[in-house]
1. Based on DSSP, what percent of beta bridges with both residues in region 71-191 are antiparallel, to the nearest 5?
2. Please list the non-local residues whose amide H lies under 5 Å from the amide H of residue 104, H modeled 1.01 Å from N, same-chain partners needing a gap of 5 or more.
3. Percent antiparallel among DSSP beta bridges with both residues in the chain, to the nearest 5?
4. I need to check one value: relative contact order of region 3-204, counting alpha carbon pairs closer than 8 Å and at least 6 residues apart, in percent.
5. Please enumerate, by chain and number, the lysines with C-alpha under 16 Å from the C-alpha of residue 61, excluding those fewer than 8 residues away in the same chain.
6. Stretched out fully, how many nm does the piece from residue 12 to residue 193 gain, at 0.36 nm a residue minus the Cα gap?
7. Give the cross-link partners of residue 190 among the lysines, using a straight C-alpha distance below 19 Å as the criterion and excluding same-chain residues fewer than 8 apart.
8. Would you list the membrane-span-like helices of the chain, meaning whole DSSP H runs whose alpha-carbon atoms span at least 15 Å along their axis and whose mean Kyte-Doolittle value is at least 0.0?
Amino acid sequence: MTKIKLCGLRRLEDVAMVNRARPDYAGFVFAPGKRQVTADEAEILRQQLDPAIAAVGVFVKAPVEEAVALANRGIIQLIQLHGDEEEAYVKELRWRTKASIIRVLRVRGPESLRDLDRYDCDYFLLDTFSGNAFGGVGRTFDHSLLRQVRFPRPFFLAGGLDPENVKAAIEQVGPYGVDTSSGIETAGRKDETKIRAFVSAVRKEEKP
């Protein structure tokens, strides 16, 4: 079954909606931006999040100590790196925490998907390239670029996914998981109707 990751939780109301929808992963954004949460806020949210839902911390060139502390306190179970971090950074994460690592690739052409074996990670996440933005731009990229790519590790598909297009994206790409944030929002806030529609679109497609 395709895994579901709902990202950008900021409020207790968001957590309650996600608990009812029961995705596989929920994301807390620690990078600067409109969805950013502090460590203390994330701890409160994690306490209310269903224990069966793994929490992912989203970082952009954050100090290693920040990600390590959140993982070792049990606030997050996975570390998602958006900032083209060097392999020495990942090596230190591996040494200091047991959290799984998601490496984000911002796709703009075939060159973005070359030499994937060089990355030390547990999962890839494919997002849309957009200048200096490190994610959350709400736009899709050309999924046909993935047809000839051999991925050495499982990957999440992100970038502009919503309840209307996620089914077709899964059929075309066959990812390990799908990720959305803006696609389940209305006026910048999580929308339970859209959350339920997104989860339903993924899981109904896979019922025997």
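The values are calculated or read from the model by the stated rules, or taken from the named source; none is laboratory data. Everything quoted here is computed from the prediction, not taken from an experiment. Cβ placement follows ideal geometry from the backbone for every residue including glycine, while neighbour counts extend to all protein chains displayed. Just the protein is used for accessible areas: all its heavy atoms, side chains included, with ligands, DNA and RNA removed. Shrake-Rupley method; radii C 1.70, N 1.55, O 1.52, S 1.80 Å.
1. The antiparallel fraction comes to roughly 15 percent.
2. Long-range HN contacts for residue 104: 81, 125.
3. Of the beta bridges lying entirely in the chain, close to 10 percent run antiparallel.
4. Rounded, it is 17 percent for region 3-204.
5. 91
6. Details: separation 181, 0.36 × 181 = 65.16 nm, distance 1.67 nm.
63.5 nm is the gain from fully extending residue 12 to residue 193.
7. Excluding near neighbours in sequence, the set is 5, 34.
8. Working: long enough: 192-205 (20 Å, -0.43).
Qualifying helices: none.
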